[in-house]
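Nothing in this text is a laboratory measurement; each read-out follows from the coordinates by a stated rule. Quick caveat: nothing in here was measured; it's all calculated off a predicted structure. Ideal geometry is used to build each Cβ from the backbone, glycine not excepted, and the neighbour counts take in all protein chains shown.
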Amino acid sequence: MKIAVAIKQVPLRDSPLRINTAGTWIEEDNLSFEINEPDAYALEEALQLREKHGGEVIVISAGPARVAQSLREGLAKGADRAIHIDVATLDILRVANSLAAALKAEAPDLILTGLQSDDLGYGQTGVILAELMGLPHSTIIMQVEVQPGRLRVKRELEDGWFQHIEMPLPAVLTIQSGLNKLRYATLMGIKKAKTKELKVVTAAEVAQASAVIEKIYAPEKYKQGQLFDGDAKSAAAKLVEKLRFEARVL
């Protein structure tokens, strides 16, 4: 079984973020980067499926030269090969097109992505990828069971509800965080990663960007106070209502 896992490299969660002078994105020169956490769960699921059913796991990522570091980390955790699509863009459609072009040549049985990225949080790459490749897909996956020529998956819905779906292979799944316990790269895995294939390909061309970030800015900070009239009991009831339905902290 050939499984491809699309991963994204994002800034470390505790990194100090500063907006660039143009106001179009953050300064990346002094940042450290890591594998997007939902994508790490997708990789872990792929590795466990390979252990059960055999085959190979391919990690693939689109981005600048620094992305190779995260791909090597994926190889150190157990992936067999890696594909780096050399592209510097934040446009989802171009990234998805590039992933689709590279994966069509590989013809994987299953493609896994994280549910969404920690930096932009669009949650669209896996869905667009499936559409471009003409493959069935399902999102927010909590469990994957491989059957002959088919999959049975468990999706997380709202309010504690779940949905079980059967679908044919090949397919695309977006994996929910927390599906499995993440493994660490061993010393032997890090050594082996240096000898594994990391193929660099050029990005597929897209005529027009689907989305452009024109400006980003830090949210304004402000303080606001409110007094509640009436006795203590009625004031407390009003406070609880505000906290529950407006602040949404209860």
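Values as computed for the structure displayed
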{"item": "Packing-based order for 237-245, 77-85, using average beta carbon neighbours within 10 Å, highest first", "result": "77-85, 237-245"}
{"item": "Viscosity 1.567 mPa s, temperature 4 °C, Stokes-Einstein D of segment 135-178 from Kirkwood C-alpha radius, µm²/s", "result": "122 µm²/s"}
{"item": "Charge tally in the Cβ shell below 15 Å around Q224, where Lys, Arg are +1 and Asp, Glu are -1, Q224 excluded", "result": "+1"}
{"item": "Max mean-square fluctuation residue, GNM over the chain, Cα-Cα springs under 10 Å, options A76, A65, A235", "result": "A235"}
{"item": "I26 long-range amide H proximity, modeled H, under 5 Å", "result": "N20"}
{"item": "MRE, 222 nm, helices only [DSSP H, n ≥ 4, -39500 (n - 2.57), over the chain, to nearest 500]", "result": "-9000 deg cm²/dmol"}
{"item": "Contact order normalised by residue count of segment 2-202, Cα under 8 Å, 6+ apart, percent", "result": "27 percent"}
{"item": "Approximate shape of segment 134-231 as ellipsoid semi-axes (Cα gyration tensor, √5λ), whole Å, largest first", "result": "39, 27, 22"}
{"item": "Sorted largest first, extent of segment 64-153 alpha carbons per principal axis (Å)", "result": "38, 28, 27"}
{"item": "Inter-part distance where segment 216-250 and segment 137-201 are each reduced to a Cα centre, Å", "result": "41 Å"}
